[in-house]
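Peer 1: One structure is given below, represented as structure tokens, and several questions about it will come after.
The values are calculated or read from the model by the stated rules, or taken from the named source; none is laboratory data. Computed from a predicted model, the values in this text were never measured in an experiment. Backbone-built Cβ (ideal geometry, glycine too); neighbour counts: all protein chains shown.
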Amino acid sequence: MKSTGVVRQLDNLGRVVLPIELRRTLGISVKDPLEVFVEGEDIILRKYQPGCVFCGETENLTVFRDKQVCRDCLAHLRSVDP
């Protein structure tokens, strides 16, 4: 994990402000959804990227009936007899 050297304090509601430089670098805009993960004692924030509705894959996605579906699951759907 790469350290940015930035230290921020939580406010009384548990909020923390991400510096504008960091948001610009990571392409995070106002109201962008972020995912929160816990790994051991670390809290990890990641820009939310919806994944395949079947397997969760986040790459090689296409829209199928208003849902994100990866290439492998789409191929499986096509191969299933109705």
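Quick grid of which residues meet (1) surrounded by fewer than 11 Cβ atoms within 10 Å (Cβ to Cβ); (2) not hydroxyl-bearing (Ser, Thr, Tyr):
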| site | (1), (2) |
| --- | --- |
| Ser3 | yes, no |
| Leu13 | yes, yes |
| Arg24 | yes, yes |
| Ser29 | yes, no |
| His76 | no, yes |
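Peer 1: For the range 37-55, enumerate the residues that are more than 24 Å from Val17 (Cβ to Cβ), at pLDDT 90 or above and surrounded by 11 or more Cβ atoms within 10 Å (Cβ to Cβ). Talk me through it step by step, then tell me what you get.
Peer 2: Kept after step one, since they are more than 24 Å from Val17 (Cβ to Cβ), are these residues of the range 37-55: 40, 50-55.
Still in the list and also at pLDDT 90 or above: 40, 51-55.
Scanning the range 37-55 gives Gly51, Cys52, Val53, Phe54, Cys55.
Peer 1: Consider Leu34 against the criteria (1) surrounded by 10 or more Cβ atoms within 10 Å (Cβ to Cβ); (2) in contact (Cβ under 8 Å) with a residue 24 or more places away in the chain: it satisfies all of them except one. Which criterion is unmet?
Peer 2: Exception for Leu34: condition (2).
Peer 1: Conditions first: (1) of a type in the set (S, T, N, Q); (2) more than 30 Å from Arg78 (Cβ to Cβ); (3) surrounded by 12 or more Cβ atoms within 10 Å (Cβ to Cβ). Thr62 passes all but one, so which condition is the exception?
Peer 2: The number of the failed condition is (2).
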